[in-house]
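What follows is a single structure, written as structure tokens, with notes after it.
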Amino acid sequence: MIDESAFDWSKYTILIAEDDECNFVLLKFMFLATKVNILRAENGVDAVTLCRSNQQIDLVLMDVKMPIMDGIEATRTIKSFRSNLPIIMQTAHILEEVKLNCYDAGCDEFFTKPFDEEKFYSVIETFFKR
């Protein structure tokens, strides 16, 4: 098991775009020891708005299925004005077509739930060190 406290991300901000309360709470808990600043969007439109108005966001965790605007369309829109902002798509669906659509929209990484924690933290650390 990974020691999350080994990651000091207190100077970074992650936007979690997640409509499901339980999934959001789980992600927030996973990041607790890292001290990362967390913002939340409950749909794709809110994610786009936050990324447009808040240049402090360093990384986005984007759920694929969300109301109003799904994560794929939100990713495509965000990448149109913040092309260097890392976006990690997350979903419970393992369909290859969904994964390809996410990459076509511009996502930088793709994780299926539940996450491989070690890989999850390692990938985020890599994006923060860029």
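The values are calculated or read from the model by the stated rules, or taken from the named source; none is laboratory data. What you are looking at is a predicted structure, and each value in this text was computed from that prediction instead of being measured. Neighbour counts are summed over all protein chains in view; Cβ atoms, including those assigned to glycine, are modelled from backbone coordinates with ideal geometry.
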Residues (touching a Cys at 6+ places or on another chain (Cβ under 6 Å) and of a type in the set (S, T, N, Q)) located in segment 70-88: 75
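Rundown of residues vs (1) over 21 Å from residue 117 (Cα atoms); (2) without any contact (Cβ under 8 Å) to a residue 24 or more places away in the chain; (3) in contact with a strand residue (DSSP E or B) (Cβ under 8 Å, 6 or more places away or on another chain), yes/no style:
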site	(1), (2), (3)
15	no, no, yes
52	yes, no, no
57	yes, no, yes
60	no, no, yes
84	yes, yes, no
90	no, no, yes
Every residue in segment 1-49 that is of a type in the set (A, V, I, L, M) and surrounded by fewer than 19 Cβ atoms within 10 Å (Cβ to Cβ), please. 1, 2, 6, 25, 26, 30, 32, 33, 38, 39, 45
Hand me the list of strands (runs of 3 or more DSSP E) wholly inside segment 3-121 holding 1 or more residues that are of a type in the set (A, V, I, L, M) and at pLDDT 95 or above. 13-17, 37-41, 59-63, 87-91
Taking segment 70-111 as the search range and keeping residues that are among the hydroxyl-bearing types (Ser, Thr, Tyr) and crowded, with 16+ Cβ neighbours inside 10 Å, which one is nearest to residue 14 (Cα to Cα)? 75
